[in-house]
Amino acid sequence: MWGNRRTVLIVAAVVLLLAVVAGAFFFLRGSAGGGFAPLIGRWFRLDGGYVLEIRSVDAAGKVDASYLNPRPINVAKAQATREGSTLKVLVELQAYGYPGSTYTLTYDPTGDQLCGVYYQAVLQQRFDVCFVRTK
């Protein structure tokens, strides 16, 4: 009887230890970079040859990004935010033809897409856009 009880206690302790280790792993992985890892990648806009590359996002949400059309366009500012489980990205462009143009995008985990609004500042027009991951 004592042998069975001891085995059950050992198994329970091992399961509890594994649960704690797994929980710590997922907690630390999710908090690294503020949990912005799904945003990192090369994104292609479906209605043109535009590419948004998000190389990294720090814990405060500062994004290291580049934008190509097809040549590089200056990214003046890029910021990621989290609202609950929703990830959002704001990208501001500053270049000839693009002064103050912005992308306000939301990450769709189901379709692995960034979708939202492109504001073309020169034309003062808004366009619904989607980017799909290319890598």
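The values are calculated or read from the model by the stated rules, or taken from the named source; none is laboratory data. Computed from a predicted model, the values in this text were never measured in an experiment. Glycine gets a Cβ as well: all are built from the backbone with ideal geometry, and neighbour counts include every protein chain shown.
What residue, among those in segment 106-122 that are within 20 Å of residue 70 (Cβ to Cβ) and not polar (S, T, N, Q), is surrounded by the most Cβ atoms within 10 Å (Cβ to Cβ)? Explain how you work it out, then say what you get.
In the first step, residues of segment 106-122 are kept if they are within 20 Å of residue 70 (Cβ to Cβ); the result is 114, 118, 120, 122.
Checking which are not polar (S, T, N, Q) leaves us with 114, 118, 122.
Working: 114: 26, 118: 19, 122: 11.
So, considering only residues that are within 20 Å of residue 70 (Cβ to Cβ) and not polar (S, T, N, Q), the one surrounded by the most Cβ atoms within 10 Å (Cβ to Cβ) is 114.
Can you tell me which residue within segment 86-111, out of those that are in contact with a Pro (Cβ under 9 Å, 6 or more places away or on another chain) and aliphatic (A, V, I, L, M), is farthest from residue 133 (Cα to Cα)? Step through it out loud before you land on a result.
Let us first name the residues in segment 86-111 that are in contact with a Pro (Cβ under 9 Å, 6 or more places away or on another chain), namely 87, 93, 95, 107, 109.
From what's left, aliphatic (A, V, I, L, M): 87, 93, 95.
Numbers: 87: 15, 93: 20, 95: 25 Å.
Step by step, filter segment 86-111, then rank; the result is 95.
Just checking, which of 47, 108, 58 is on the phi < 0 side of the Ramachandran plot, without any contact (Cβ under 8 Å) to a residue 24 or more places away in the chain and of a type in the set (Asp, Glu)?
Values: 47 fails: without any contact (Cβ under 8 Å) to a residue 24 or more places away in the chain; 58 fails: without any contact (Cβ under 8 Å) to a residue 24 or more places away in the chain.
Within the list 47, 108, 58, the selection yields 108.
Quick one: is residue 9 among the aliphatic types (A, V, I, L, M) and either in contact with a Cys (Cβ under 7 Å, 6 or more places away or on another chain) or at pLDDT 95 or above (or both)? Talk me through it step by step, then tell me what you get.
Working: among the aliphatic types (A, V, I, L, M): yes; either in contact with a Cys (Cβ under 7 Å, 6 or more places away or on another chain) or at pLDDT 95 or above (or both): no.
It is false that residue 9 is among the aliphatic types (A, V, I, L, M) and either in contact with a Cys (Cβ under 7 Å, 6 or more places away or on another chain) or at pLDDT 95 or above (or both).
Checking the condition at pLDDT 95 or above and farther than 13 Å from residue 39 by Cβ, which residue from 80, 76 passes?
Numbers: 80 fails: farther than 13 Å from residue 39 by Cβ.
So the residue among 80, 76 that is at pLDDT 95 or above and farther than 13 Å from residue 39 by Cβ is 76.
Looking only at segment 72-102, how many residues end up being without any contact (Cβ under 8 Å) to a residue 12 or more places away in the chain and surrounded by 20 or more Cβ atoms within 10 Å (Cβ to Cβ)?
Taking segment 72-102 and keeping what is without any contact (Cβ under 8 Å) to a residue 12 or more places away in the chain, we get 72, 83-85, 96.
With surrounded by 20 or more Cβ atoms within 10 Å (Cβ to Cβ) added as a condition, the list becomes none.
Counting residues in segment 72-102 that are without any contact (Cβ under 8 Å) to a residue 12 or more places away in the chain and surrounded by 20 or more Cβ atoms within 10 Å (Cβ to Cβ) gives 0.
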